[in-house]
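Undergrad: For reference, the structure I am asking about is given below.
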């Protein structure tokens, strides 16, 4: 596997500030068949359901197609949530609090507004890249998915406790269902 490389592209930046190249599904879809199978099994969806080209692209996950923040921003003619008078709204607060990969959604739209999405995009590439091999990892890759370096990236280093608690809860819930 070679180093991930992306150029700033607005279709890879959600209106709420999520960074698509660090999405586990986005990563898995571009990975090996084994990675796609594992992700499809984890999400309990067919492997064909893991097709997404970014939050603003035509081909998105079913969940992303019904995004309240994207619909709201489009209806108001906004590119990012931080441009809204109601920022941060109740829907965004609820969305942010639900999962650890969303912890930084308070800073992301504000930073995008300050420096532009292109500069922010470059910052996020560094934030989610392994310090050893520069592979982009998701918030849920505690160790780098290519070289095994721990933590996998700066995001994980900052939020490891929240991520581990969330993953532990998912594993416990999964065992109860069996």
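Undergrad: Being part of a helix (DSSP H, G or I) and under 16 Å from the mean Cα position of the chain (by Cα) is the filter here; which residues of region 49-67 pass it?
TA: 62, 63, 64, 65
Undergrad: Here are some residues: 109, 88. Which one is outside any helix (DSSP H, G or I), touching a helix residue (DSSP H, G or I) at 6+ places or on another chain (Cβ under 8 Å) and at pLDDT below 95?
TA: Criteria check complete, one pass: 88.
Undergrad: Are any residues in region 6-40 more than 20 Å from residue 142 (Cα to Cα) and in contact with a strand residue (DSSP E or B) (Cβ under 9 Å, 6 or more places away or on another chain), and if so, which ones?
TA: Across region 6-40, the qualifying residues are 6, 12, 13.
Undergrad: Among residues belonging to region 154-175 that are free of Cβ contacts under 8 Å to residues at least 60 places away in the same chain and touching a helix residue (DSSP H, G or I) at 6+ places or on another chain (Cβ under 7 Å), point out the one that is farthest from residue 31 (Cα to Cα).
TA: Only one residue tops the list, namely 159.
Undergrad: Looking at 158, 142, can you tell me which residue is under 15 Å from the mean Cα position of the chain (by Cα) and at pLDDT 95 or above?
TA: 142
Undergrad: Quick test of your reading of the structure: residue 149 fulfils all but one of (1) assigned to a helix (DSSP H, G or I); (2) within 28 Å of residue 30 (Cα to Cα); (3) modelled with pLDDT of 95 or more. Name the failing condition by number.
TA: (1)
Undergrad: Another question about this same structure. Which condition number in (1) surrounded by 13 or more Cβ atoms within 10 Å (Cβ to Cβ); (2) at pLDDT below 95 is the one that residue 174 fails?
TA: Against the list (1) surrounded by 13 or more Cβ atoms within 10 Å (Cβ to Cβ); (2) at pLDDT below 95, residue 174 comes up short only on (1).
Undergrad: State whether the residues of region 86-99 include one that is over 30 Å from residue 44 (Cα atoms) and in contact (Cβ under 8 Å) with a residue 60 or more places away in the chain.
TA: So far as region 86-99 goes, no, none of its residues is over 30 Å from residue 44 (Cα atoms) and in contact (Cβ under 8 Å) with a residue 60 or more places away in the chain.
The values are calculated or read from the model by the stated rules, or taken from the named source; none is laboratory data. Quantities reported herein were computed from a predicted structural model and do not represent experimental measurements. Cβ atoms come from the backbone with ideal geometry, glycine included; neighbour counts cover every protein chain shown.
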